[in-house]
Amino acid sequence: MKIRGSNIVVTGCAGFIGSHLTDALLAMGNHVVGVDNLSAGRREFLEDAEGYPDFRFVQADLLNDDLRPIFKGADAVMHMAANPDVRSGAKDTLSHYKQNIEVTYRVLEAMKETGVKDILFPSTSTVYGEPTVIPTPEGYGPLVPISVYGATKLACEALICSYAYSFDMTGVIFRFANVVGTRSTHNVLHDFTNKLKADPKRLEILGSEPGTTKSYVHVEDCVRGMVIGAEYARNKVEMFNLGSNDRMSVKDIADTVTEVMGLRGVRYEWTGGVQGGRGWIGDVKNMLLSSDKLRSYSWEPTMNSSQAIKKAVREIVRSG
């Protein structure tokens, strides 16, 4: 996939990861059209991008608007728009279906009709469900997601594969560990810092001690990995795991957050969780990806999970 000096459309450009990818693509000399309906994304996240003459923002609804005029003349689409809230899937299945599966179908159809051949797609570690092999490689199977979010992302992967082979496209798919960092708007770090600002003496934690154990990667490493993977991709469809080399429990994260915030003697109050101590329905208990494939192309995270968490908490605290 050629991502230097190209015409690229980024859907979800005002979102957490999408805005960072937009900045990176512009710095590499690309012409970027950013698309977002601003329902979850924030226009202020595009402040750096809008300083580039090669950036154009289009406020559009991927579910309802005609995407062909936006995609016409593009070399590639970085389809970052999605409903990223794993927890909401147990209560609101329709939004995940529409915002993940239906939107991806409409993006692929618009690409087919306008002759755009390359798509980059952010998937998730949750497509693996609860794997018996850890670290989990890309070739692990069968894939049995336990959340609606994971199921919709897996369906999107399948759609991209089918369009690549049916309509002479290429797809680069990244299965992310938990991504943290500046411009994120919701995750366990926001939950903990907001609760501790309200009450520095106690912290309610979903699940049972010590909580789930997962890998965390900073958005800076994530975007750099996407760029490297896209540039090295050679097959019709390439899939890359992208995550750090280690993992942390929820209790480890709570300890890190309180340390960064300079708090001592915080009382942890565990809710007990659901389904054997999970924080919520669909919450994977153990996750650590094997990113050996991406590392073979000279990518390496600059931060482990603990370092990524510490940097992200500092960024959240500084932002208010």
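State yes or no: is Thr170 assigned by TED's automatic domain parsing to the domain that holds Leu21, in contact with an Asp or Glu (Cβ under 6 Å, 6 or more places away or on another chain), touching a residue at least 40 places away in the same chain (Cβ under 8 Å) and among the hydroxyl-bearing types (Ser, Thr, Tyr)?
Values: assigned by TED's automatic domain parsing to the domain that holds Leu21: yes; in contact with an Asp or Glu (Cβ under 6 Å, 6 or more places away or on another chain): yes; touching a residue at least 40 places away in the same chain (Cβ under 8 Å): yes; among the hydroxyl-bearing types (Ser, Thr, Tyr): yes.
Answer is yes for this residue.
So which residues in the range 127-151 are of a type in the set (Asp, Glu) and either in a helix (DSSP H, G or I) or surrounded by 15 or more Cβ atoms within 10 Å (Cβ to Cβ) (or both), if there are any at all?
Passing the criteria: only Glu138.
With respect to the numbered conditions (1) assigned to a loop (DSSP other than H, G, I, E, B); (2) in contact with a Phe, Trp or Tyr (Cβ under 9 Å, 6 or more places away or on another chain), which one is the sole condition not fulfilled by Ile119?
Only one criterion in (1) assigned to a loop (DSSP other than H, G, I, E, B); (2) in contact with a Phe, Trp or Tyr (Cβ under 9 Å, 6 or more places away or on another chain) is unmet by Ile119, namely (1).
If the Cβ limit is 8 Å and pairs must be 6+ apart or interchain, which residue in the range 186-211 that is over 20 Å from Glu315 (Cα atoms) and of a type in the set (Ser, Thr, Tyr) pairs with which residue that is modelled with pLDDT of 95 or more and in a strand (DSSP E or B)?
The qualifying pairs are Ser208/Trp270.
The values are calculated or read from the model by the stated rules, or taken from the named source; none is laboratory data. The model shown is predicted, which means the values in this text are computed figures rather than measured ones. Positions of Cβ are generated from backbone atoms using ideal geometry, with glycine treated the same way; all protein chains shown enter the neighbour counts.
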